[in-house]
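Everything on this sheet refers to the single structure shown next.
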Amino acid sequence: MKKLKALYINRSFYLYLAVIITLFIFGFFFPIVYSIAWFSLTALIIVTLTDFFLLFTAKNSLKASRILPERLSNGDENSILIQLSNQYPFQIKAKIIDEIPFQFQKRDFVITKKIEPKASTDFAYNLRPTERGVYSFGKLNIFVQTKISIVSRKFEFEGENQIATYPSFLQLRKFELLTIHNKL
């Protein structure tokens, strides 16, 4: 049951299925096309099951973490780092959906990365808070696909992280260094 909650069927499956249905309709008029439709349906089922088993048979196949700074600087670009480690023996396509705080009003935040087998990758994105307070990050959702791309597997990492936002301490440090060197 747990595997079914993590299973997502991609759009390509439905496109292939629509083509097969069209072949069955034309197979009503042309008997040779009917045989091709049955062959195509069988091939789709086999490829879908293969894709499913490739994604779901490995344990601990993906590791991910979000690294946040100690605090956010209000009005400045703050870097958020995400680390991914692919433990699969094949290349994967990862679609990362980070549940960033609601104050940023980014509801379409998606990052897509290809990760080589047994490799790790780091990437960062920037957030610019505009008000002081506590910002709550949600889960780190990652949807993984093989090159077949019929089904996806969902991974969830990290719970809720809270981080405080202070007045622009990055700018204050910059001006502090300028005054020390008498360049202000």
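The values are calculated or read from the model by the stated rules, or taken from the named source; none is laboratory data. As the structure is a prediction and not an experimental result, all values here were calculated from the model. Every residue, glycine as well, gets a Cβ built from its backbone with ideal geometry; the counts of neighbours run over all protein chains shown. Ligands, DNA and RNA are stripped out before the accessible areas are found, and what is left, the full protein with its side chains, is counted by its heavy atoms. Shrake-Rupley method; radii C 1.70, N 1.55, O 1.52, S 1.80 Å.
Summary of values
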| item | result |
| --- | --- |
| Which of Gly75, Leu62, Ile100, positive extreme of dipole for the range 62-131 (C-beta unit charges) | Leu62 |
| Loop-exposed chymotrypsin sites (Phe, Trp or Tyr not before Pro) per DSSP, neighbour cap 16 Cβ within 10 angstrom, longest uninterrupted part of the chain | 110-184 |
| Accessible surface, the range 1-151, averaged per residue in Å² (probe 1.4 Å) | 62 Å² |
| Cross-link pairs Lys5/Lys106; Lys118/Lys139; Lys3/Lys118; Lys5/Lys113; Lys113/Lys139 - those with Cα-Cα distance over 20 Å | Lys5/Lys106; Lys118/Lys139; Lys3/Lys118; Lys5/Lys113 |
| Spatially proximal aspartates and glutamates relative to Lys63 (Cα-Cα < 19 Å; intrachain offsets below 8 disregarded) | Asp98, Glu99, Glu116, Asp122, Glu156, Glu158, Glu160 |
| Accessible surface of the chain, 1.4 Å probe, proportion on carbon and sulfur as whole % | 60 percent |
| The chain, dipole about Cα centre (Lys/Arg Cβ +1, Asp/Glu Cβ -1), debye to the nearest 20 | 260 debye |
